[in-house]
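**Q** Here it is, the structure in full.
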Amino acid sequence: SSVARRGRGILVVFEGCDRSGKSTQCRMLVDYLKSIGRDVAHLRFPDRTTAIGQSINDYLQGTTELEDHAIHLLFSANRWESVPRIKQLLDNGTFVVVDRYAFSGVAFTAAKGYDVTWCKNPDRGLPDPDLIFYLDISTKDAQTRGSYGEERYEKAEFQERVAEIYEQLKSNDWKVVDAMKDKNEIHEEIRNTLLELEEQFSKTPLKRLWT
Ligand code: Z5A
Ligand code: MG
């Protein structure tokens, strides 16, 4: 078309322990970007709508059992199956906001006692997020947000181990946000960071994760 293109879209990922407010902040960011007239897609992993996602859902709800490595690979496959769509969206200049990504994959499997490098391997080469917002909360504070649900992993002791793995994965470029602040305050912080860095990222080629 004759309309000037502003470059590729930005890939934004939210990570953090259970109840840290990832889904809340994703929604708020997506709504905000829409309100200012931007194209935006909202993704979440696991994506329970696909055939692979259905198997993951059954596993999380405890209706099926899967060997630890096998479920790890399914979570990864569930991300890979959406890569063509993610790339197409970014190519079209659309913001892609993602609720959990490969870091959740590594954190939850490594928390079972598996080697972090092994856990990272299947996700190596995925689109590398431009921005990772880590919603930082202690397991204790997270529990004040109501008791954990009924799904597998929703237990305090396991969540502690997940938090420890996240600490190992965290790098300097992650944007760590205090998840105990008011949700509107957190949203403003996130939105400002994104708008500040958007132009810079839209001009650099998308990288590949852990390569
Ligand atoms: N998993 C895996 O093993 N491997 C993988 O590769 C992937 C995932 C991708 C399902 O994930 C499970 O799959 C998850 C990891 C594993 N297992 N666990 N546990 P999920 O994303 O479907 O899990 P979820 O239950 O939807 O999300 P969550 O992490 O538990 O919650 P959240 O999205 O971070 O929080 P929220 O829903 O936005 O908020 C939680 C509550 O706190 C809610 O009542 C809010 O109103 C409240 N809230 C939010 N923000 C605030 C602030 N700022 N102040 C006060 N209260 C707040
Ligand atoms: Mg959530």
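Only the coordinates and a few stated rules stand behind these numbers; no lab work does. Quick caveat, the model's predicted, so the values are computed rather than measured. Heads up, the Cβs are rebuilt from the backbone with ideal geometry, glycines too, and the neighbour counts pull from every protein chain shown.
**Q** Go ahead and set up a Gaussian network model of the chain, Cα springs under 10 Å, then flag whichever of 175, 22, 140 fluctuates most.
**A** Top of the fluctuation ranking is 140.
**Q** Grab the beta carbon distance between residue 81 and residue 191, set R0 = 35 Å, and tell me the FRET efficiency rounded to 0.05.
**A** Once rounded, the FRET efficiency stands at 0.70.
**Q** If you take every residue apart from residue 123 with its C-beta less than 11 Å away from the C-beta of residue 123, what net charge results, scoring Lys and Arg +1 and Asp and Glu -1? Show your work: numbers first, answer last.
**A** Numbers: positive: 79, 120, 124, 208; negative: 128.
That sum, taken over residues with Cβ under 11 Å, equals +3.
**Q** R0 = 25 Å: FRET efficiency of residue 200 with residue 27, Cβ-based, nearest 0.05?
**A** Rounded to the nearest 0.05, the efficiency is 0.50.
**Q** Extending each Cα 7 Å along its Cβ direction at residue 156 and residue 121, get the distance between those two points in nm, one decimal.
**A** 3.7 nm
**Q** Please compare each pair in 140/183; 140/203; 140/207; 170/203; 87/112; 87/155 to a cut-off of 30 Å on the Cα-Cα distance and tell me which ones are over it.
**A** As for pairs spanning more than 30 Å Cα to Cα, those are 140/203; 140/207; 87/112; 87/155.
**Q** Go through the range 197-208 residue by residue and turn each phi into a ³J(HN,Hα) via Karplus (6.51, -1.76, 1.60, θ = phi - 60°); whole Hz please, and just put x for glycine and proline.
**A** 9, 3, 4, 4, 5, 5, 9, 9, x, 4, 9, 10
**Q** Same structure again: Sorted by average packing, counted as other Cβ atoms within 10 angstrom per residue and highest first, what order do 94-102, 23-31, 45-53, 197-205 take?
**A** Values: 94-102: 22.7, 23-31: 17.8, 45-53: 16.2, 197-205: 12.9.
Result, highest mean first: 94-102, 23-31, 45-53, 197-205.
**Q** Which of 35, 138, 76 moves most in a GNM of the chain, Cα contacts under 10 Å?
**A** 35
**Q** Give me the net charge for the shell around residue 83: Cβ to Cβ below 11 angstrom, other residues only, Lys and Arg +1, Asp and Glu -1.
**A** Charge balance in the 11 Å sphere: +2.
**Q** Test of understanding: what is the full-extension gain from residue 91 to residue 34, defined as 0.36 nm times their sequence separation minus their Cα-Cα distance?
**A** 18.7 nm is the gain from fully extending residue 91 to residue 34.
**Q** Just 43, 66, 131 to compare: in a GNM of the chain, with alpha carbon springs under 10 Å, which one fluctuates most?
**A** Largest GNM mean-square fluctuation: 66.
**Q** May I pose another question? Quick one: 3J(HN,Hα) in Hz for the range 94-108, Karplus 6.51/-1.76/1.60 with θ = phi - 60°, rounded, Gly and Pro as x.
**A** With the stated coefficients, the range 94-108 comes to 8, 5, 10, 10, 10, 8, 6, 8, 4, 5, 4, x, 5, 4, 6 Hz.
**Q** Let me ask you something else. Kindly provide log₁₀ I(q)/I(0) values, in the same order as q = 0.09, 0.12 Å⁻¹, from the Debye equation applied to equal alpha-carbon scatterers of the chain.
**A** -0.35, -0.63
**Q** So, counting K/R as plus one and D/E as minus one, what does the shell of residues with Cβ under 12 Å around residue 71 add up to?
**A** Charge balance in the 12 Å sphere: -2.
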